[in-house]
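For reference, the structure discussed in these notes is given below.
The values are calculated or read from the model by the stated rules, or taken from the named source; none is laboratory data. Source: prediction; values computed, not measured. Reconstructed Cβ throughout: ideal geometry from the backbone, glycine too, with neighbour counts over all protein chains shown. Surface areas here come from the heavy atoms of the whole protein model, side chains and all, with no ligands, DNA or RNA. Shrake-Rupley method; radii C 1.70, N 1.55, O 1.52, S 1.80 Å.
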Amino acid sequence: MSSTELPGVRSTAESSPQVGAVRMAEGEQLRTDRLPGLELSVRVRPPVRAGLPPALFVHGLGGSSQNWSALMAKLADTVDGEALDLPGFGWSPPPADRDYSVTGLARAVIRHLDAAGRGPVHLFGNSLGGAVSTRVAAARPDLVSTLTLISPALPELRVQKSAVPTALLAVPGMGVLVDRLTRGLSAEQRTRGVTDLCYGDPSRVTPEAFAAAVEEMERRIALPYFWDALARSSRGIVDAYTLGGQHGLWRQAQRVLAPTLLVYGGRDQLVSYRMARKAAASFRGSRLLSLPEAGHVAMMEYPEVVAAAFRELLEDSGGVRDTAPDPDPARDTDDEDGKG
């Protein structure tokens with residue numbers, strides 16, 4: 001579930017100039033979209049030609065839009081890609097209502113898409129972003145052409161031991177306690193721990209990319225809302241895991257109409273590989289890409305493989321399906337789980 005702040009891997013572009021203190025891959029741009037009570041930083045990779053279909057990428061807990069740079073580059077000839085920094089992460093400030101629940105974050109994505117008028121989009125989500133994207137696709141099928149989920153944070157009965165520390169952040173006051181207990185750790189030590197947890201093969205990270213991640217870790221930890229955003233988002237995932245009935249994420253997965261690609265890593269320490277079969281059975285007509293050597297962030301470790309699988313999904317789906325809005329979308333985005 002956690003991906004704070006992940007470095008790029010060897011398959012990404014070597015050049016990574018900065019705009020101010022924002023690290024940008026070659027060809028990327030950054031803009032800020034402002035809505036009432038919500039400000040979102042959006043990473044944009046202009047398409048190689050006009051007329052390509054729009055895509056939106058949603059990162060995981062503790063991550064940022066930068067987590068999608070490698071995959072966006074691989075798909076620049078296929079989609080017109082944008083990646084959000086979710087509220088409180090990356091370069092997006094916290095939401096005015098401090099709602100970090102899965103429903104609250106899904107509402108932010110929906111508001112962004114409605115305001116931008118880019119829908120329907122090819123929607124991508126990783127980890128927490130996968131849960132958020134599932135909620136969006138179920139509530140607003142008119143906004144989603146296809147759905148690609150990479151290690152989505154969907155409820156598990158038996159959470160892996162390596163994921164327990166992240167889940168414990170949901171306990172009230174735990175963020176403050178963890179902050180105190182880890183103040184002696186350097187940004188390099190923190191980054192190494194995250195890399196070891198999230199990558200199937202940490203050796204794929206270049207020294208340059210690791211140094212950039214350390215720099216970003218230092219910036220993020222210095223933000224006054226860092227631990228609050230992380231703790232509330234963790235609580236939002238735990239709350240979403242406990243919901244049953246029509247508001248449960250697995251029930252919502254069954255309501256998704258969009259052609260769906262599921263990507264699971266065999267070395268994922270945060271989302272169990274064994275959940276792949278349940279996910280494939282829950283998302284109607286879905287296809288499953290299993291990557292035995294990948295960890296929690298396959299789009300960063302194997303962007304070329306994920307890109308190829310998406311192109312196959314796009315070609316086979318033909319882009320024709322029912323996109324009628326849910327008759328009561330507020331049911332999914334206003335009342336499901338409490339604020340984080």
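Tabulated values for the structure
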{"quantity": "Residue within region 274-297 that is touching a His at 6+ places or on another chain (Cβ under 9 Å), within 27 Å of Gly81 (Cα to Cα) and modelled with pLDDT of 90 or more present", "calculated": "no"}
{"quantity": "Residue satisfying all of: in region 247-281; over 23 Å from Cys198 (Cα atoms) and without any contact (Cβ under 8 Å) to a residue 24 or more places away in the chain; farthest from the chain's Cα centre (by Cα) among these", "calculated": "Ala281"}
{"quantity": "Subset of region 125-140 (residues that are open to solvent by less than 10 Å² (accessible area, probe 1.4 Å) and either of a type in the set (Gly, Ala, Ser) or in contact with an Asp or Glu (Cβ under 8 Å, 6 or more places away or on another chain) (or both))", "calculated": "Gly125, Ser127, Gly129, Gly130, Ala131, Ser133, Arg135, Ala137, Ala138, Ala139"}
{"quantity": "So Val178, is it among the β-branched types (Val, Ile, Thr), part of a helix (DSSP H, G or I) and modelled with pLDDT of 90 or more", "calculated": "no"}
{"quantity": "Residue count for region 39-94, restricted to those that are in a loop (DSSP other than H, G, I, E, B) and hydroxyl-bearing (Ser, Thr, Tyr)", "calculated": "3"}
{"quantity": "Residues that are in contact with a strand residue (DSSP E or B) (Cβ under 8 Å, 6 or more places away or on another chain) and of a type in the set (S, T, N, Q), drawn from region 234-280", "calculated": "Ser234, Thr260"}
{"quantity": "Matching option when the condition is touching a residue at least 40 places away in the same chain (Cβ under 8 Å), within 17 Å of Val306 (Cα to Cα) and among the polar types (S, T, N, Q), among Thr134, Thr146", "calculated": "Thr146"}
{"quantity": "Members of region 181-234 that are open to solvent by 20 Å² or more (accessible area, probe 1.4 Å), part of a helix (DSSP H, G or I) and hydroxyl-bearing (Ser, Thr, Tyr)", "calculated": "Ser203"}
{"quantity": "Qualifying residue in region 46-68 (condition: among the aliphatic types (A, V, I, L, M), modelled with pLDDT under 95 and more than 21 Å from Leu313 (Cβ to Cβ))", "calculated": "yes"}
{"quantity": "Region 219-233 residues that are more than 20 Å from Ser101 (Cα to Cα), paired with ones that are among the acidic types (Asp, Glu) (beta carbon under 7 Å, 6 or more apart)", "calculated": "Arg220/Glu5"}
{"quantity": "Residue check, Gln246 at pLDDT below 95 and surrounded by fewer than 18 Cβ atoms within 10 Å (Cβ to Cβ)", "calculated": "yes"}
